[in-house]
Amino acid sequence: MYPDLKLYVGGEWRKSSEDLPVINPATEDEIGRLPKASRRDLDDALAAAVEGFAIWRKTAPRERCNVIRRAAALMRERQEEIARAITLEHGKPLPQARLEVIRGAEFFEWDAGEAMRTYGRVIPSKHGESFTVHHQPVGVVAAFSPWNFPMSQPARKIGGALAAGCSIILKAAEETPAGAVHIVRAFEDAGLPKGVLNLVFGDPAEISGYLIPQEPVRLVAFTGSTAVGRHLTTMASEHMTPVLMELGGHAPVIVCEDTDVVKAAISGAVRKYRNAGQVCTSPTRFFVHDSVYEEFRDNFVRRAVETVVGNGMEDGVEMGPLANDRRIPALSALVEDARAKGAEILAGGERHGNKGYFFQPTVLADVPDTARVMQEEPFGPLAVINPVSSLDAAIEQANSVPYGLAGYAFSNRADYIARLAEEVQVGNLSINTLEASMPETPFGGVKSSGYGREGGSEGLDNYMAIKHVWHSSQ
Ligand code: NAD
């Protein structure tokens with residue numbers, strides 16, 4: 001059920017003399033050994049990516065599109081096998097893993113279509129001259145994907161790069177390598193030329209530190225924490241290498257007085273604990289109008305404590321463990337700090353059980369602004385519910401963090417919705433829904449949440465360089 005884990009370099013699968021354990025976070029059992037890339041493996045991956053780029057950039061966009069679509073079709077066919085591997089390594093409930101496989105395939109299908117729509121333009125010029133604007137693939141991409149969505153996170157990076165005509169070296173997450181391994185298998189079976197897609201694992205800092213300064217690398221694409229994103233951006237800037245950064249978020253949810261409060265509370269709690277809250281768009285800071293605060297809070301807490309926590313392989317489980325053990329002390333520290341500063345703990349707040357990396361669905365209420373959790377992304381099953389007296393106060397609170405990725409609001413008033421759309425500082429605002437992105441919509445942040453967009457018709461922009469050609473007849 002769990003794949004044999006290997007590196008993929010220049011179209012060949014390879015092992016390594018050093019490896020790392022992969023742990024099932026629900027049972028703490030070892031489920032696989034992951035090879036660590038050596039310097040030699042990285043050099044080979046770079047050389048292969050240079051050769052792969054030379055082939056792929058000249059491949060017709062329609063052919064690129066066909067290869068990506070074939071690979072996506074294989075992922076759909078292999079949905080069950082991939083989903084089971086994801087649940088084993090990540091812990092999320094199997095139905096959620098199945099949906100993630102389909103979402104990953106959809107990201108590829110969207111980008112495949114975009115491969116044929118990277119239009120340039122003709123600028124009016126005088127007779128005998130032409131001004132044309134061309135979009136060309138930027139080159140070799142060094143990409144780093146995180147562990148929260150083992151399939152759909154690598155899909156974003158690989159889809160964008162391959163659709164644009166770039167080659168890519170992906171370092172996927174060491175905790176959850178199987179999603180990326182399955183993607184690579186699908187592309188191999190779909191006939192992708194050797195060298196276009198390379199997959200490595202190892203020590204993240206060593207690999208990024210080695211790859212980013214290399215001359216052929218023309219884009220660094222990263223999804224992960226703001227701290228690491230800042231570090232990689234600084235490194236890339238020394239080489240004038242552009243970056244695509246999809247970083248942390250600390251999503252506000254503004255609940256206005258005119259809304260269906262019970263519906264907002266229930267959907268808020270369900271969404272909060274999806275993927276054990278390990279989602280950069282996870283709704284976390286709920287700012288609820290005074291007049292509906294108690295009703296919202298009580299319904300949210302009721303649904304939070306009903307959440308079925310357990311091994312994602314078991315039927316009926318709604319929330320699995322955290323993906324790695326270091327998140328348990330990180331969350332406990334945020335809860336303790338909030339409690340010490342006067343917050344009320346209405347649900348959870350502690351590790352769940354003593355086997356596996358489970359954490360209880362947690363609700364903190366009346367949390368003072370001085371608590372760390374009001375500024376730091378918890379990246380776990382933790383919600384803050386605070387009352388606000390007006391939309392002004394809610395928007396001020398929403399914007400009071402360094403992040404600006406996703407934001408949500410519940411209201412049916414046109415004047416409120418217009419203000420929210422204008423004033424909430426995020427890259428993705430959703431009203432009366434807690435869905436934040438689709439393959440066809442641009443996704444990304446403002447402020448410390450990053451640069452660039454994935455998906456939508458903007459999704460290939462970072463993977464392409466703009467060239468203007470001025471042709472004058474002799
Ligand atoms: P972390 O900051 O140690 O790592 C975050 C990610 O970056 C991991 O995938 C890790 O492998 C990678 N990474 C770390 N150092 C790196 C380096 N020098 N070069 C290249 N990659 C590197 O944090 P963590 O404990 O793994 O995760 C918790 C934090 O990460 C959360 O607070 C959250 O903000 C962030 N995160 C965000 C996303 C997202 O979707 N935006 C996904 C996963 C984690």
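Here, each number is a calculation from the coordinates, and none is a lab measurement. This one's a predicted model, so the numbers in the text were calculated from it and none came from an experiment. Cβ placement follows ideal geometry from the backbone for every residue including glycine, while neighbour counts extend to all protein chains displayed.
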C-alpha long axis of helix 39-56 to longest principal axis of the chain, angle in °: 70
Given charges at beta-carbon only (K, R positive; D, E negative), |dipole| of the chain in Debye: 1340
Selection from 23, 346, 10, by position along the positive dipole direction of the chain (Cβ): 10
Which of 381, 269, 168, positive extreme of dipole for the chain (C-beta unit charges): 168
Length released on extending from residue 472 to residue 121, taking residue separation times 0.36 nm less the Cα-Cα span: 124.7 nm
Between the stretch 248-289 and the stretch 128-169, the Cα center-to-center distance that results, in Å: 32
Orientation-averaged projected area, Cα convex hull of the chain (nm²): 23.9
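In debye, nearest 20, what is the charge dipole magnitude of the stretch 39-138 about its Cα centre with +1 on Lys and Arg Cβ and -1 on Asp and Glu Cβ, if you could check?
Working: 17 positive and 15 negative charges, 64 e Å.
Here the stretch 39-138 has a charge dipole of around 300 debye.
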Estimated FRET transfer efficiency when R0 is 56 angstrom, pair residue 54-residue 355 (beta carbons, to 0.05): 0.65
Contact order normalised by residue count of the chain, Cα under 8 Å, 6+ apart, percent: 18
Footprinting exposure proxy for 279, 384 (fewest neighbouring C-beta atoms within 10 Å first): 279, 384
Sequence-separation-based contact order of the stretch 202-329, relative, with Cα cut under 8 Å and 6+ spacing, percent: 19
Eligible lysines near residue 92 by straight Cα distance, threshold 24 Å, same-chain separation 8 or greater: 6, 157, 171, 272, 355
Mean residue ellipticity (222 nm) of the chain, computed from DSSP H runs ≥ 4 via -39,500 (n - 2.57), nearest 500: -11500 deg cm²/dmol
The stretch 152-264, dipole about Cα centre (Lys/Arg Cβ +1, Asp/Glu Cβ -1), debye to the nearest 20: 340
Order of 110, 56, 13 under a 10 Å beta carbon neighbour criterion, fewest first: 13, 110, 56
Taking 231, 471, 127 and counting other C-beta atoms within 10 Å, the order from fewest to most: 127, 471, 231
Protection proxy ranking of 359-366, 281-288 - average other beta-carbon atoms within 10 Å, highest first: 281-288, 359-366
Among 305, 146, 460 the positive-end extreme of the charge dipole of the chain (Cβ point charges): 460
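Per residue Cα convex hull volume for the stretch 138-191, in cubic angstrom?
Looking at the stretch 138-191, the number lands at 67 Å³ per residue.
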